[in-house]
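Some notes on the structure that comes next.
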Amino acid sequence: MSDRATQAEKATRFKALHERPGAFVIPNPWDAGTARVLEGLGFEALTTTSAGLAFALGRSDGTRSVTRDETLANARAIADATDLPVAADLENGYGDAPEAAAETIRLAGGVAGLVGGSIEDATGDPRRPIYDFAHAVERVAAAVEAARAFPFPFVLVARAENFIRGRPDLDDTIRRLQAFEAAGADVLFAPGLASADDIRTVCRSVRAPVNVIMGLKAVSFTVAELAALGVRRISLGSSLSRAALTGFVAAAREIKEHGTFTFTQSTLSYADANALLAPRRSSAT
């Protein structure tokens with residue numbers, strides 16, 4: 001008999017993480033291998049990264065460069081690789097209509113094995129980067145309805161994208177988050193908040209758990225500082241992917257430009273890298 005955690009068990013654990021005091025970090029792997037490494041390091045849950053996946057596929061991020069099918073296949077591979085709860089960055093639901101957001105959530109929980117996912121109010125169109133208020137709320141409501149149809153608690157994250165889409169309007173961001181909460185969203189997220197005052201104000205303006213993203217160069221807080229501001233969940237976006245690319249590019253440039261290989265002095269050994277991905281011992285009795 002398999003001792004792997006079921007989707008329902010993962011979902012219950014994921015929901016509980018959002019209900020306990022303090023803040024937890026939910027890092028963003030971009031494939032099964034990085035998911036296994038993060039699990040081995042002791043993280044309690046994972047969420048995917050659309051930018052990290054785009055980079056891994058050899059594409060620049062933006063303008064929906066990764067399809068829904070590719071996103072869900074990547075999420076499925078990550079969920080299958082770990083016993084941790086896995087959620088996903090589902091962008092705008094891969095369509096403008098509320099029905100598209102709902103269908104994406106149905107596929108995320110029903111096909112990809114996920115226990116959470118986010119829907120954002122960004123259109124992907126630079127001419128009108130953010131959906132109109134009423135339409136944005138309607139889309140979240142449709143996603144919530146789809147999430148509630150699962151026989152397990154699917155954590156629906158609603159994202160207000162103003163601050164990373166050239167519209168740093170805190171009042172409108174809070175208005176949107178409050179409306180998303182009223183529509184049933186479980187977690188609220190406004191990526192790009194950079195000041196302690198803004199983060200604190202957002203957290204005090206809603207009752208649902210608030211996610212913030214770390215890894216942006218303009219933002220630097222500790223887990224403890226964010227928890228004190230009222231944050232419940234901390235994601236990392238593409239920052240771990242970019243950290244890996246930083247090391248890769250630095251090593252490749254050293255070889256190409258200097259003909260040296262000193263980067264090997266600070267890399268993981270083959271044995272250590274292999275050990276990070278070794279099969280886990282069964283805890284079954």
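Once a ≥ b ≥ c are taken as the square roots of the eigenvalues of the Cα gyration tensor of the range 210-285, is the result rounded (a/c under 1.5), prolate (a/b larger than b/c) or oblate (a/b not larger than b/c)?
Numbers: a/c = 3.41, a/b = 1.28, b/c = 2.66.
In terms of gyration-tensor shape, oblate.
Against the longest principal axis of the chain, how steep is helix 7-19, in degrees 0 to 90 to the nearest 10, with axes from Cα atoms?
The two axes meet at around 70 degrees.
Can you list the lysines whose alpha carbon is less than 29 Å from that of K217, not counting same-chain residues fewer than 8 positions off?
The reachable lysines, counting only those whose Cα sits under 29 Å from K217, are K256.
Determine the equivalent ellipsoid of the range 64-121 by diagonalising the alpha-carbon gyration tensor, then write out the semi-axes as square roots of 5 times the eigenvalues, largest first, rounded to whole Å.
Value: 19, 11, 9 Å, ordered largest first.
Please state, as a whole number in µm²/s, the translational diffusion coefficient that the Stokes-Einstein equation yields for the range 64-203 at 10 °C and 1.306 mPa s, with Rh defined as the Kirkwood radius across alpha carbon pairs.
105 µm²/s
Top mean-square fluctuation among F180, F261, F163, Gaussian network model of the chain, C-alpha springs under 10 Å?
F261
Once you've got the GNM for the chain with C-alpha springs shorter than 10 Å, pick whichever of A35, A275, A122 has the biggest mean-square fluctuation.
Taking springs between Cα atoms under 10 Å, the residue moving most is A275.
Kindly express, to the nearest 10 degrees and within the range 0 to 90, the angle between helix 196-205's C-alpha long axis and the longest C-alpha principal axis of the chain.
For helix 196-205, the angle is close to 50 degrees.
Once you keep just the Cα pairs under 8 angstrom separated by 6 or more residues, what percentage relative contact order results for the chain?
Contact order relative to length: 19 percent.
Quick check: at a probe of 1.4 Å, how many percent of the accessible area of the chain sits on carbon and sulfur atoms?
Reported share for carbon and sulfur atoms: 55 percent.
Quick check for you: with a 1.4 Å probe and neighbouring chains kept, what is the accessible area per residue of the chain, in Å²?
Each residue of the chain exposes 49 Å² on average to a 1.4 Å probe.
Before rounding to the nearest 500, sum -39500 (n - 2.57) across all DSSP H runs of length at least 4 in the chain and divide by the residue total; then give [θ] at 222 nm in deg cm²/dmol.
It comes out at -14000 deg cm²/dmol, rounded to the nearest 500.
With charges only on Cβ, +1 for K and R and -1 for D and E, what is the dipole size of the range 1-102 about its Cα centre, in debye, rounded to 20?
It comes to approximately 140 debye.
Averaged across orientations, what area in nm² does the convex hull of the alpha carbons in the range 170-229 project? List each step's numbers first, then the result.
On the way: hull surface 15.2 nm².
The number I arrive at for the range 170-229 is 3.8 nm².
For the chain, take the longest principal axis of its alpha carbons; what is the angle in degrees between that and the long axis of helix 133-148, to the nearest 10 within 0 to 90?
Computed tilt is about 70 degrees.
Taking a quarter of the surface of the Cα convex hull of the chain, what do you get in nm²?
Orientation-averaged projected area of the Cα hull: 16.5 nm².
The values are calculated or read from the model by the stated rules, or taken from the named source; none is laboratory data. If you're wondering where the values come from, they're calculated on a predicted model, not measured in any experiment. A quick note on method: Cβ atoms are made from the backbone with ideal geometry, for glycine too, and the neighbour counts reach across all protein chains shown. Ligands, DNA and RNA are stripped out before the accessible areas are found, and what is left, the full protein with its side chains, is counted by its heavy atoms. Shrake-Rupley method; radii C 1.70, N 1.55, O 1.52, S 1.80 Å.
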